[in-house]
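To start, the structure itself, in structure tokens.
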Amino acid sequence: MPRVISVHSYRGGTGKSNFTANLATTVAALGNRVGVVDTDVPSPGIHNLFCLEPEQMDKTLNNYLWGESSIEDAAYDLSANVGIEGAGKLFLVPSSVKADDIARILKDGYDVKLMNDGFRNLVKTLQLDYLFIDTHPGLSKETFLSIAISHVLVLILRPDKQDYQGTAVTMDVARQLKVRKMLLAINKAHSKLNLEALKQKVEETYGEMVAGIFPLSEDIVQLASEGVFCVKYPEHPVSQEFRKVAQQIIEG
């Protein structure tokens, strides 16, 4: 049974796309067929991490939403870009970075049901084991759709008061939508924090499990979105933490 994983944060700047790229790549490297859809249509960016240049993006999610192509025509096999060989595969459906396309989506919106149908078609056509949805930050009807159809919702938050409050709101919505499983991931945790105490506090506050804690890492900043971190530095503690989260998603 294929599984849908939405990766979401209440605010921008949490490192959500970076997290999605690393987690999806880690799951694919374990021999799974993985798809990623960039539904952050107003501010797309995950294609950069997978080293897919805009000029290579002949078709995008936008073309599918406007009825100009099938969704699988907008799916790019990027397995080679992230060094995945054998049974594992990684596909990306990017969103358009063209200003006119973004303006059109912002002005006219899109059919949320069509997006849902697209996810189903993608899973079936590409025979995916896992579909990762990189969502737009905040709450909107599009986000509600992604959350509602998810088997797992991963919420990214920083140790920050605004993130704490926003995450509480998102969790209330997710519970009303009866999401089957929620995982919390704390990102950009400062080295001076007591990570075990932070984990305990967050789990007690929200009543959900913290799947991983990711430090504020200069190594990640240095990579500057030019590639997937866990591919470049497989033995790094951050990459090991991604493997831990990936295991929790695979084990259900």
Using per-residue counts of other Cβ atoms within 10 Å, averaged over each peptide, order 115-121, 19-25 from highest down. 19-25, 115-121
Run the helix sum for the chain: -39,500 (n - 2.57) per DSSP H stretch of 4+ residues, divided by residue count, reported at 222 nm to the nearest 500 deg cm²/dmol. -12500 deg cm²/dmol
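Would you tally the net charge around Pro42, using a Cβ to Cβ cut-off of less than 13 Å, leaving Pro42 out, and scoring K and R as +1, D and E as -1? List each step's numbers first, then the result.
Working: positive: Lys98, Arg104, Lys107; negative: Asp38, Asp40, Asp101, Asp108, Asp134, Glu142.
Result for the neighbourhood of Pro42: -3.
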Net dipole in debye of the range 3-250 [+1 Lys, Arg Cβ; -1 Asp, Glu Cβ; about Cα centre; nearest 20]: 860
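What full-extension length gain, to one decimal in nm, is calculated for Gln248 and Asp73 as 0.36 nm per residue of separation minus the Cα-Cα distance? Numbers along the way, then the final one.
Working: separation 175, 0.36 × 175 = 63.00 nm, distance 3.11 nm.
The Gln248-Asp73 span can extend by a further 59.9 nm.
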Stretched fully, the stretch from Gln165 through Val221 gains (0.36 nm per residue minus C-alpha distance, one decimal, in nm) 17.6 nm
Placing +1 on the Cβ of each Lys and Arg and -1 on the Cβ of each Asp and Glu in the chain, which of Met182, Ile213, Leu78 has its Cα farthest towards the positive end of the resulting dipole? Met182
Choose one answer from Ser217, Ser191, Ser69: the residue with the largest mean-square fluctuation in a GNM of the chain with alpha-carbon springs under 10 Å. Ser191
Reachable aspartates and glutamates, given that their alpha-carbon falls under 14 Å from the alpha-carbon of Lys232 and they are not under 8 places away in the same chain: Asp219
Sequence gap at least 6, Cα distance under 8 Å: using those rules, report the relative contact order of the range 3-250 to the nearest whole percent. 28
Going highest first, how would you order 70-78, 220-228 by mean Cβ packing within 10 Å? 70-78, 220-228
Just checking my list (i) 55, 37, 35; (ii) 51, 39, 36; (iii) 70, 45, 44 against Cα extents along the principal axes in Å computed from this structure; which label fits? (ii)
Extension gain Lys107-Leu139, at 0.36 nm per residue separation less the Cα-Cα distance, in nm? 9.8 nm
Pop the C-beta distance of Val238 and Met209 into the FRET formula with R0 = 22 Å and round what comes out to the nearest 0.05. 0.70
Cα centroid separation - the range 12-45 against the range 110-133, whole Å: 15
Candidates Val41, Val238, Val179, ranked by Gaussian network fluctuation over the chain, Cα under 10 Å, top entry: Val179
Listed here are the pairs Lys192/Lys244; Lys59/Lys141; Lys199/Lys244; Lys59/Lys98; which of them are more than 19 Å apart at the Cα? Lys192/Lys244; Lys59/Lys141
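Could you pull out the trypsin sites (Lys or Arg not before Pro) across the range 178-246 that fall in loop regions by DSSP (anything but H, G, I, E, B) with no more than 15 other Cβ atoms inside 10 Å?
Numbers: sites: Lys178, Arg180, Lys181, Lys188, Lys192, Lys199, Lys201, Lys232, Arg243, Lys244; in loops: Lys178, Arg180, Lys192.
Loop-located and lightly packed - Lys178, Arg180, Lys192.
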Once you keep just the Cα pairs under 8 angstrom separated by 6 or more residues, what percentage relative contact order results for the range 18-84? 29
For the range 162-176 and the range 192-252, distance of Cα centres in Å: 20
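Read the figures in this text as sums done on the coordinates, not as results from a lab. From a predicted model like this one, the values you see are computed outputs, not experimental measurements. Quick reminder, even Gly has a Cβ in these numbers, built from the backbone with ideal geometry, and neighbours come from all protein chains shown.
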